[in-house]
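*Asks:* Next up is a structure, given as structure tokens.
Bear in mind that the values in this text are calculations on the coordinates, not laboratory data. Please read these numbers as outputs of a predicted model, since none were measured by experiment. Virtual Cβ from ideal backbone geometry, glycine too; neighbours counted across all protein chains shown.
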Amino acid sequence: MKYSARYLLCFLLGFNFLMEAQVTFEAKVSKRKLGLNERLRVDFEMNENGDNFNPPSFSNFQVVSGPQQAVSRSWVNGVQSFSKTYTYFLTPKIKGKVTIGQAVVTIGGEIYKTTPVEIEVTNSVRKPNDPNNVDNIVDGNIHLVAEVSKSAPYLNEGITVIYKLYFRNPISVSDVSELESPSYGDFWSHLIKIGRAEINMRGSYKGEPYNEVIWRKAVLYPQKTGKLVLEPLTLNLSLSIPSNRRDLFGRRIMTQTQKTITTGEKVIAVKDLPQNNKPKNFSGAVGQFDFDVILNKDLLKASESFQAKIKVKGKGNLKLFNLPTINVPNTLEVYEPEHDEKVKITISGMQGTIEDNYTIVPQFQGKYPIPSIQFSYFDPNSESYKILKSQDLIVDVFEGPAAVNTNRNLKSIAPKTSIPAVDNAFRYIKLETKFVSIDKKSFWRSQLFWTLVIFPVFILSISFLLKRVFYGRNNDVTKQKQRRAEQLTKKYLSSAKKHFDDQAQFYEVLERALHSYLKAKLKIETTELSKSKIKNLLHQKSVDKKTALEYVEVIESCERARYSPESLVNMKDDFKNASSLIGKIDRQI
């Protein structure tokens with residue numbers, strides 16, 4: 001029995017020695033599933049002191065802070081324990097399943113590696129649970145809000161969305177960058193230029209004073225009915241927060257931290273336009289408008305021209321409906337109208353005028369009526385349809401040829417009379433025949449023969465010459481178009497070159513040049529389109545998907561760069577990239 005107790009004691013001591021001698025090196029995370037706006041804490045922990053610690057690359061994360069090193073030694077019941085930890089605080093850059101790679105350390109001359117850890121990153125959450133224990137001061141004193149002017153608009157009724165960042169003491173914001181930007185896929189959208197973000201020291205959030213920064217303004221016109229989702233705006237903030245430490249003068253020492261916040265998704269319930277009393281000629285106009293038809297002159301000579309202007313003025317979806325067409329007599333020659341828009345888009349929506357100018361040429365003298373034209377629209381304020389009518393107009397044409405009256409009066413035709421029969425009524429008919437011999441002539445080498453031989457050769461020669469002439473003209477036209485496109489490209493980009501010394505002005509001018517180029521090249525209004533629609537339109541114009549995507553990315557880069565520090569952008573590279581993309585689109589179209 002005595003020997004058994006001794007053997008048991010030796011066994012326990014040996015087992016304890018083996019357990020103490022086993023080296024462990026592990027990667028521990030605060031959670032394996034988190035939102036895009038949450039933080040992740042990663043601890044690389046070892047039970048023996050190691051050297052040459054190499055962390056993983058963290059390619060899909062942004063390192064907020066770290067490495068923070070902590071060493072712990074303790075004695076419990078005569079047993080020594082050791083722990084050394086390297087801690088990182090990370091925020092994810094992308095959504096989906098991402099992997100934290102292996103960390104490497106050398107302990108006792110041996111190399112140890114951690115096991116890779118898979119993390120699932122979801123959409124941004126409304127209230128992130130910060131595993132990094134960010135001060136409660138941050139959560140209670142900083143907010144990102146999307147203010148929507150109307151949550152239940154009608155189809156094609158304009159609404160505004162203003163994104164505001166609220167913060168107050170003791171927090172100060174040193175840098176802001178966008179992680180997620182809404183695309184407004186089910187809306188016609190227009191972003192209002194706001195320049196550099198400015199802090200309003202007298203803002204208010206839920207009745208309490210806050211510092212207010214307007215980050216983005218957008219005007220939206222819903223293009224579908226039902227519940228439409230506004231995608232969230234997510235920002236990454238660099239903050240300065242006072243710590244519990246003080247300097248020699250008693251002032252609090254500020255600590256730097258990162259915070260990701262989001263507006264969350266917004267649901268817009270879009271109502272369909274009422275079907276009761278809906279006019280037959282309704283073309284989709286929603287707002288408040290005035291309508292008129294204007295002639296530049298109503299007295300002219302035949303073969304002279306005059307202009308008829310169909311004009312709509314007011315506030316509403318001016319760019320999203322068609323004007324009614326003019327109706328004139330058939331004896332007036334009407335040309336295709338020239339469309340003109342003078343529309344200004346402000347935070348209250350579209351307002352201005354749109355016009356269709358018709359050129360009309362009368363061929364004959366006379367008085368021509370221009371019948372009244374109807375224009376209908378839906379007024380969301382009164383929730384009813386309105387119908388406007390133009391005046392009846394008359395154009396007086398003089399000094400020209402008179403119109404031929406093709407409708408003859410039957411009474412003016414002479415009555416039928418009987419023709420008396422006479423003996424010599426058929427005297428013009430020869431009753432006696434006389435045969436005349438015809439000499440046989442050879443067809444070979446006759447005039448008809450040479451005519452039939454030469455005529456096809458003549459036709460082929462003329463066709464060949466005409467083809468050469470028209471082909472040459474087409475080549476000249478193509479070359480002229482290419483030269484004009486190149487001159488247009490240089491004109492748009494030269495203005496951006498002049499602002500290399502001013503980052504904000506450079507990117508504003510470069511973005512305007514990119515939009516102006518599309519407008520001139522493809523004859524469109526890019527302010528009418530979201531970035532996804534710009535890609536679709538470029539695809540329709542035979543531009544490959546990669547080039548179209550790069551073009552939209554350059555526009556988005558310009559928007560971001562206006563608010564980024566100078567150290568994070570390279571204006572010359574962005575300018576070179578924009579020039580190259582414009583050249584690619586020229587060649588592909």
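*Asks:* Each residue of the range 446-463 in order: what ³J(HN,Hα) in whole Hz does its phi give by Karplus 6.51 cos²θ - 1.76 cosθ + 1.60, θ = phi - 60°, with x for Gly and Pro?
*Replies:* 7, 4, 5, 4, 5, 5, 5, 6, 7, 4, x, 5, 5, 5, 5, 5, 4, 4
*Asks:* Among the listed pairs LYS280/LYS309; LYS224/LYS280; LYS319/LYS386; LYS266/LYS389; LYS313/LYS533, which are separated by more than 29 Å between their Cα atoms?
*Replies:* LYS266/LYS389
*Asks:* Convex hull over the Cα atoms of the range 17-122, averaged projected area in nm²?
*Replies:* Approximately 7.2 nm², given one-decimal rounding.
*Asks:* List every residue whose amide H lies under 5 Å from the amide H of LYS150, counting only residues 5 or more places away in sequence or on a different chain, with H placed 1.01 Å from N in the peptide plane.
*Replies:* Amide H neighbours of LYS150, under 5 Å, 5+ apart: THR160.
*Asks:* Amide H neighbours of LYS31 under 5 Å, at least 5 residues apart or on other chains, H built in the peptide plane: list them.
*Replies:* ARG41
*Asks:* Right, here's the next one. Mind checking which aspartates and glutamates have their Cα closer than 19 Å to the Cα of LYS227? Skip sequence neighbours fewer than 8 apart in that chain.
*Replies:* GLU147, GLU157, ASP186, GLU265, ASP272
*Asks:* From the convex hull of the Cα coordinates of the range 136-270, what is the mean projected area in square nanometres?
*Replies:* 9.2
*Asks:* Starting from the 7 Å offset along Cα-to-Cβ, what nm value, one decimal, do you get for the label separation of THR325 and ASN54?
*Replies:* The answer from the label model is 7.4 nm.
*Asks:* Give me TRP444, TRP215, TRP450 sorted ascending by neighbouring Cβ count inside 10 Å, so fewest comes first.
*Replies:* TRP444, TRP450, TRP215
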